[in-house]
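Beneath this line is the structure, given in structure tokens, with notes to follow.
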Amino acid sequence: MEFNVGIIQGENYRFAARTSWPSSKLTVEPERLTLTTGFKSVSFDKDRITKLSEYPGFCWLFARGIRIEHRDQRCPQFFVFWMFDLPRVERSLAENGFTLADLDADA
């Protein structure tokens, strides 16, 4: 399933490149997540993803994001995709075998 998203990627939140919604695309497949912006795609294989969690650090009123924590040295360490319909994306992730970590579990 595909979704229009925005992306924040880089060393950390402060030192990150941003693409605004809907200039990027998230593709959810059973074995990987792929984010495409312009002519470049970044794929995260399921076995290289260590954690998916809701990312609350946005100033946009209605948009929410998901942070991808991973073990892929080729990809930026800090990687968040954000969208306006998070429940729909969460359903697609669950249907494809991805688990979203509970925010309260980290507290």
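The values are calculated or read from the model by the stated rules, or taken from the named source; none is laboratory data. Quick caveat, the model's predicted, so the values are computed rather than measured. Note: ideal-geometry Cβ built from the backbone for every residue, glycine included; neighbour counts use all protein chains shown. Note: areas computed on protein heavy atoms with side chains; ligands, DNA, RNA excluded. Shrake-Rupley method; radii C 1.70, N 1.55, O 1.52, S 1.80 Å.
Among the residues of segment 84-106, is any open to solvent by less than 60 Å² (accessible area, probe 1.4 Å), assigned to a loop (DSSP other than H, G, I, E, B), on the phi < 0 side of the Ramachandran plot and modelled with pLDDT under 90? No; the residues of segment 84-106 include none that is open to solvent by less than 60 Å² (accessible area, probe 1.4 Å), assigned to a loop (DSSP other than H, G, I, E, B), on the phi < 0 side of the Ramachandran plot and modelled with pLDDT under 90. Identify all residues within segment 24-44 that are touching a strand residue (DSSP E or B) at 6+ places or on another chain (Cβ under 7 Å) and open to solvent by less than 60 Å² (accessible area, probe 1.4 Å); write none if there are none. Matches in segment 24-44: SER24, LEU26, THR27, LEU33, THR34, LEU35, THR36, THR37, VAL42, SER43, PHE44.
Just a yes or no: is a residue in segment 55-68 at pLDDT 90 or above and of a type in the set (Ser, Thr, Tyr)? No; the residues of segment 55-68 include none that is at pLDDT 90 or above and of a type in the set (Ser, Thr, Tyr).
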